[in-house]
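Step one of this worksheet: look at the structure below.
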Amino acid sequence: MRRHGVILKLFVVTSVLILIVFTLVMLAEGLFFERYYRMSKIHALERNMNQFAEQFIQAQSNEQQVSRLLGAFMNHNDTSTSILNNRFERININPYFLQLQADSKTITIPIPTNGMTMDKIPHGIQIGDMLVVDGIYMDEEDTIMHPVVIQQTSLTPEQGLVRVKGKITDLMLPEQRSYNPLYQDALMDDALRYWISTEEQYQARLQDGSPVQLEWSDPWSGVQYSVLIRSLSVGKDDRYRYLFVMTSLQPVGEAVDILKQYFIYIAPIIVLLAIILSLIYSRMISRPLVKLSRSAARLAKLDFTVQPEIHSKDEFGELSRSMIALSRNLDTTLKELTHANVKLHEDVEEKKLSEQLRKELTANISHELKTPLGIVKGFAEGLQDGVAGDKRDRYLALIINETDRMNALIMDMLELSKFEAKAILLQPRSLSITNLIQKVIETFAQQLESKHLQIMVENEEEEEEELFVEADPRRIEQVVLNLLSNAIRYAVENSIITIGIRRTSAGKVTTVIENAGSPIAEEDLTRIWDQFYRVERSRDRKSGGTGLGLAIVKHILELHESKFGVVNTNQGVAFYFNLNESREEPNEQ
């Protein structure tokens, strides 16, 4: 265990608390247990004496019922009890008795407290058992017998005794009483004499109906007894009755002594168990804390790989699951931040590139507009100066041509700015790519004738089948127009331009436009899509074009999520793009 670790702290605190509680329990039992036991027992006796008084008032006219009531009270409370007259003399009521049915006669056998011990009464007898009693009749009708020998077997009777054999019909015997109850009952007279010597000082309380309690010790055995007496409030004068109760306090004293000896022997075992259990408990409680501490340490190092989960349903389990969720969220957030950082870096680079392109664009626009403006100005000044009539028409034609060139440049720039601002919305529908290409070819008839070029359309599908694609017709027509214009512009004279249309396995229709001419340098293959970028700048004016066509083509195809590009072939250069195939017939408009 670490010196300042939570395991050691829990172990020390738990051990100290257990030892403190154990010490307090020992002190409480040693100092207060006996007193508490006596108070509880006396209070219980007082409550039961009150109940007995109420029952006695109802049963006082029936001697047998009073006897049974007295015996039940003695058995229930483990006391020796008597009923006293107004002179504090014991009224002869035998609480314990046997009743036998012998032939046709019912014989009552009172159990005397003097001269009779519990071992002389057969154990476990009950109503219905046969019993043999040897004794002496106490009345003239021979219905009450003083017992001398009580047995269940028929042994030889002693001389001078009468034997009665019969079935038990009723009985009340000492039950649930400690030690020898009959001996304790025989001490009632001694305790009563002690009470009489002190009764004058308690007369007022007795008259009020309150119980009086005092303690008395047996001079022969030294056993201490608690004596309680209360008025039964029955009759007046010579009919006044008292309930006299005596209970032994020996069991609680012996119990306390045994407890003290027991604690002397058990204390080392309890201390050892407290230490062992505290160690086990501290380790059990601290184990999830240690795991959580290690997890937190890994989180502090941004290590999200291993996060052991605590599967308990308590606060530790909730904290573990929260830390795992935190770890996953942090891991996800850091990855997102890393990705965002990379994206930000790319955006910064793109912004730098855009700024560079903007500068190039400004320079290109200035260059592209400067030349035609210079030409227009020169021819305009010539017209102003009054050139020859045969040159006037040519000057005007050149001015109109340069004006058309500048107008085309401006229109392309406006178109391009819409794409870059994401302001273009496609209107896709099903269309025939073959028909669209044939339509575009017809617009280049004059250029093809002037350069002696031919266009061959190759469709790898069956001749009867048309290929349909899902696209914006106007924008795709603009793509084909730009690509085909570019192919014608850079094709050598007397050559063939090939346009291939085929269906791919991925449900795409690919279009390839290939011319015969000079290849493009490898370093320029990716830059030809940029604004105003031309492979041969010396041929800009001669070849024509604004330098924005391929940039517009790029934006249109990206909006269609098309895969496009340019490659050098054996004959020249081939541009390609693909579109999603449509299975529906187009609605011609």
Original post:
For the stretch 19-41, list residues with backbone N below 17 Å from a point placed 7 Å from the Cα of Leu214 toward its Cβ?
Top reply: none
Subject >> Modelled FRET efficiency - R0 22 Å, Lys370 with Lys418, Cβ distances, 0.05 increments >> reply: 0.30
Subject >> FRET efficiency, 1/(1 + (r/R0)^6) with R0 45 Å, evaluated for Met456 and Ala521 via beta carbons >> reply: 0.95
Original post:
Say each of Asp142 and Lys391 gets a label point 7 Å from the Cα, pointing the same way as Cα to Cβ; how far apart are those two points in nm?
Top reply: 18.3 nm
Original post:
In nm, to one decimal, how far is the modelled label at Thr23 from the one at Lys352, with both set 7 Å along Cα→Cβ?
Top reply: 7.6 nm
**OP:** Would you mind checking which residues have amide H under 5 Å from Leu548's amide H? H placed 1.01 Å from N; only 5 or more apart, or other chain.
**Re:** Phe532
Original post:
Dividing the Cα radius of gyration by the Kirkwood radius, what Rg/Rh value follows for the stretch 35-166?
Top reply: 1.03
**OP:** Once you have the Cα-Cα distance between Arg90 and Asn580, take 0.36 nm times their residue separation minus that, and quote the gain in nm to one decimal.
**Re:** 164.2 nm
**OP:** Give me the number: length gained by fully extending Thr117 to Leu206, i.e. 0.36 nm times residue separation minus the C-alpha to C-alpha distance, one decimal in nm.
**Re:** 28.7 nm
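Which FRET efficiency value, to the nearest 0.05, do you get for Leu398 and Arg321 by plugging their Cβ-Cβ distance into 1/(1 + (r/R0)^6) with R0 = 60 Å?
Numbers: r = 81 Å, r/R0 = 1.36.
After rounding, the FRET efficiency stands at 0.15.
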Subject >> Contour excess over end-to-end distance, with Cα ends at Ile269 and Leu302 and 0.36 nm allotted per residue >> reply: 7.0 nm
**OP:** Could you list which residues have their amide H under 5 Å from that of His146, counting only those 5 or more apart in sequence or on another chain, with H placed in the peptide plane?
**Re:** Ile136, Tyr137, Met138
Original post:
So how far apart, in nm, are the two label points at Glu381 and Lys508 if each is 7 Å from Cα heading toward Cβ?
Top reply: 5.4 nm
Original post:
What's the exposure ranking of Leu161, Leu344, going from fewest to most Cβ atoms within 10 Å?
Top reply: Leu344, Leu161
Original post:
What ranking do Leu277, Leu98 get, fewest neighbouring Cβ atoms within 10 angstrom at the top?
Top reply: Leu277, Leu98
**OP:** Starting from the Cα of Lys41, draw a straight line to each of the lysines and keep only those under 22 Å, dropping any in the same chain fewer than 8 residues away.
**Re:** Lys260
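Any read-out appearing in this document is the output of simple, stated calculations on the displayed coordinates, not a laboratory observation. Remember, predicted model here, so these are calculated numbers, not experimental data. Note: ideal-geometry Cβ built from the backbone for every residue, glycine included; neighbour counts use all protein chains shown.
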